[in-house]
Structures are given as structure tokens and as C-alpha cells.
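What follows is a single structure, written as C-alpha cells, with notes after it.
The numbers here are math on the coordinates, done by the rules we state, and not lab data. None of the values given here were measured: they were computed from a predicted structure. Reconstructed Cβ throughout: ideal geometry from the backbone, glycine too, with neighbour counts over all protein chains shown.
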């Protein structure tokens with residue numbers, strides 16, 4: 001508990017993993033809504049269908065890259081903390 005109170009242990013990487021799965025779900029849901037909306041459009045919705053498919057395919061990859069970059073920052077912080085403790089001892 002002391003680690004959390006003194007900010008020696010980060011909880012954000014765990015939260016980032018949850019945010020990743022929420023983002024993937026929202027990306028896929030948004031893509032499906034766009035595809036269905038484009039398919040039921042009266043004036044043609046080919047571009048909307050295409051955009052929906054791109055969102056379904058690329059959305060999770062973009063979210064993954066973003067979350068990995070955030071986790072890298074926290075891993076760097078952990079490594080620096082570890083170096084500091086071994087250097088001080």
C-alpha cells in the first residue's frame with residue numbers, strides 16, 4: 001500500500017489495458033454502425049460502408065499502438081526507478 005501512496009508503483013498500466021479493450025469494442029461497434037447506416041442509406045452509402053470497414057480493421061491497430069506508446073512511457077519510468085534504487089544502494 002505504501003508503494004501506491006508514495007507513487008512508487010503505477011496503476012495506470014492496468015487502466016491502459018482496460019482502455020484498450022474498451023477502445024477496441026467502441027471501434028468495432030462504430031464500424032458496424034457505419035456499415036449498417038451506409039447499407040440502409042437511400043442515396044447510396046458506398047463511402048460510408050468503406051469507412052466503416054476501415055474503422056473495423058484499422059481502429060483496433062491504432063488504439064493498440066497508442067496504448068503501447070503509453071505503456072512504454074510507464075515502463076521507462078519503472079526502469080528509471082529501478083536504476084535509482086540500485087544506484088542509491
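The helix-based estimate of mean residue ellipticity at 222 nm for the chain, built from -39,500 (n - 2.57) per DSSP H run of four or more residues and divided by its residue count, is -30000 deg cm²/dmol to the nearest 500. Exposure proxy ranking for 49, 65, based on other Cβ atoms within 10 angstrom of each Cβ and starting from the fewest, stands as 65, 49. Put simply, the Cα atoms of region 9-81 extend 59, 15, 12 Å along their principal axes, the longest span coming first.
For 66, 4, the sequence from fewest to most other C-beta atoms within 10 Å is 4, 66.
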